[in-house]
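**Student:** The structure that follows is given in the form of structure tokens.
No lab work stands behind these numbers, since they all come straight from the coordinates. Only a predicted model underlies this, so the values are computations on that prediction, with no experimental measurement involved. No Cβ is skipped: glycine too gets one built from the backbone with ideal geometry, and neighbour counts run over all protein chains shown.
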Amino acid sequence: MTMCRHFFISSGAGTACIVCPIKRIHYDGHDIHVPLDPSDKTSEAGKLTKRINNSIMDIQYGDVQGPAGWSVVI
């Protein structure tokens, strides 16, 4: 039983931080389109979303130091 409990705890470890752009909201039978980047119609995310996502990814991949205690090397 102890082995299963420890496995359960370790398998639940990881990051839950992700940034996902919203392209449209469906409400009351209609789609409301959200402009992602008006200066680039082919963009998959807006400028702020890209900046936040890149900052988080840099911390996750160890390219920059994150806030104290934010991530731990295992």
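**Student:** For Leu48, only one of the following conditions fails: (1) among the hydrophobic types (A, V, I, L, M, F, W, C); (2) over 14 Å from the mean Cα position of the chain (by Cα); (3) assigned to a helix (DSSP H, G or I). What is its number?
**Tutor:** Going through the list (1) among the hydrophobic types (A, V, I, L, M, F, W, C); (2) over 14 Å from the mean Cα position of the chain (by Cα); (3) assigned to a helix (DSSP H, G or I), Leu48 breaks only (2).
**Student:** Provide a single number: the residues in region 24-42 that are closer than 19 Å to Ile52 by Cβ and over 21 Å from the mean Cα position of the chain (by Cα).
**Tutor:** The initial filter retains those residues of region 24-42 that are closer than 19 Å to Ile52 by Cβ, namely 34-40.
With over 21 Å from the mean Cα position of the chain (by Cα) added as a condition, the list becomes 38-40.
Going through region 24-42 one residue at a time, the tally reaches 3.
**Student:** Please work out which residue is surrounded by the most Cβ atoms within 10 Å (Cβ to Cβ), limiting yourself to region 38-53 and to residues that are within 18 Å of Arg24 (Cβ to Cβ) and of a type in the set (A, V, I, L, M, F, W, C). Explain how you work it out, then say what you get.
**Tutor:** Initial filter on region 38-53 (within 18 Å of Arg24 (Cβ to Cβ)): 38, 40-46, 48-49.
Narrowing the set further to residues that are of a type in the set (A, V, I, L, M, F, W, C) leaves 45, 48.
Working: Ala45: 18, Leu48: 11.
Ranking the qualifying residues of region 38-53, first place goes to Ala45.
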